[in-house]
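Only one structure is covered here, and it is reproduced in the block below.
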Amino acid sequence: MKVRTHPVTLLKILNYNPSFIERIDELNAQESHHILIFLREHLLNAHDISVRWKWTPGAVAFWDNRSIVHKAIPGGYDVTLREGKRTAIFGERPFYEPEKSESLTQRQERLDSIKIETKGGHIEKPLNN
């Protein structure tokens, strides 16, 4: 499991898939075990950060597997009427560039510090930054 840089947003992302990760090499066995249990449980129970897609005729859903974990939740649709196609882009190698990457919290703090205010049609940067 590694921290990566998302190639488009430049946000730090955690490359984690419970089906493929058995151990975090940088931690001892007990620490690794507890962190992986926490992450797995978080993925299974994080309903506050999930999307429930309502399938309608002609609907299309897509997501970025580099930073999103997805799972099908049965119910709410007739599985015999739904068709799914998976498309993957090959050739992109995961990378981490600490000097260019930032966490979501770091990005929010950075953007908050340079908020642009408009007054009378002029764009002004706050004086305290």
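What does the helix-only formula give at 222 nm for the chain: each DSSP H stretch with n ≥ 4 adding -39500 (n - 2.57), the total divided by the residues, and the result rounded to the nearest 500 deg cm²/dmol?
Values: 2 runs with 27 residues, N = 129.
Counting only the DSSP helices, I get -6500 deg cm²/dmol.
Gyration tensor analysis over the Cα atoms of the chain returns equivalent ellipsoid semi-axes of 33, 26, 16 Å (largest first, whole Å).
Against the chain, whose longest principal axis is taken from its Cα atoms, helix 104-113 shows a tilt of about 20°. Charge dipole (Cα centre; +1 on Lys/Arg Cβ, -1 on Asp/Glu Cβ; no other charges) of segment 14-75 amounts to roughly 420 debye.
Taking label positions 7 Å along the Cα-Cβ direction at both VAL8 and GLU83, the computed distance is 2.5 nm, reported to one decimal.
Please report ARG93, ARG110, ARG4 as a ranked list, fewest other C-beta atoms within 10 angstrom at the top and most at the bottom. If you can, show how the numbers build up before the last one.
On the way: ARG93 6, ARG110 10, ARG4 19.
The fewest-first ordering by Cβ neighbours comes to ARG93, ARG110, ARG4.
Summarising the label geometry, the points placed 7 Å from Cα in the beta-carbon direction at ARG110 and TYR96 lie 1.8 nm from one another.
Per residue, the convex hull around the alpha carbon atoms of segment 47-105 comes to 137 Å³.
If you keep only loop residues by DSSP, which GluC sites (Glu not before Pro) in segment 1-82 have at most 16 other Cβ atoms within 10 Å of their Cβ?
For GluC sites (Glu not before Pro) across segment 1-82 that sit outside H, G, I, E and B with at most 16 neighbouring Cβ atoms in 10 Å, the list reads GLU22, GLU26.
Could you work out the relative contact order of the chain? I mean the mean sequence separation of Cα pairs under 8 Å and 6+ apart, divided by the number of residues, in percent. Taking the mean separation of contacting Cα pairs over the length of the chain, I get 30 percent. Each of ARG82, ARG23 has some number of other Cβ atoms within 10 Å of its Cβ, and from fewest to most they run ARG82, ARG23.
Shown here for segment 1-74: chymotrypsin sites (Phe, Trp or Tyr not before Pro) in loop regions (DSSP other than H, G, I, E, B) with at most 10 other Cβ atoms within 10 Å, namely PHE20, PHE62. Each of ILE49 and ASP25 was given a label point 7 Å from its Cα along the Cα-to-Cβ line. The distance between the two points is 2.6 nm.
Values in this text are rule-based calculations from the coordinates and carry no lab data. For clarity, every value in this text was computed on a predicted model and none was experimentally measured. Positions of Cβ are generated from backbone atoms using ideal geometry, with glycine treated the same way; all protein chains shown enter the neighbour counts.
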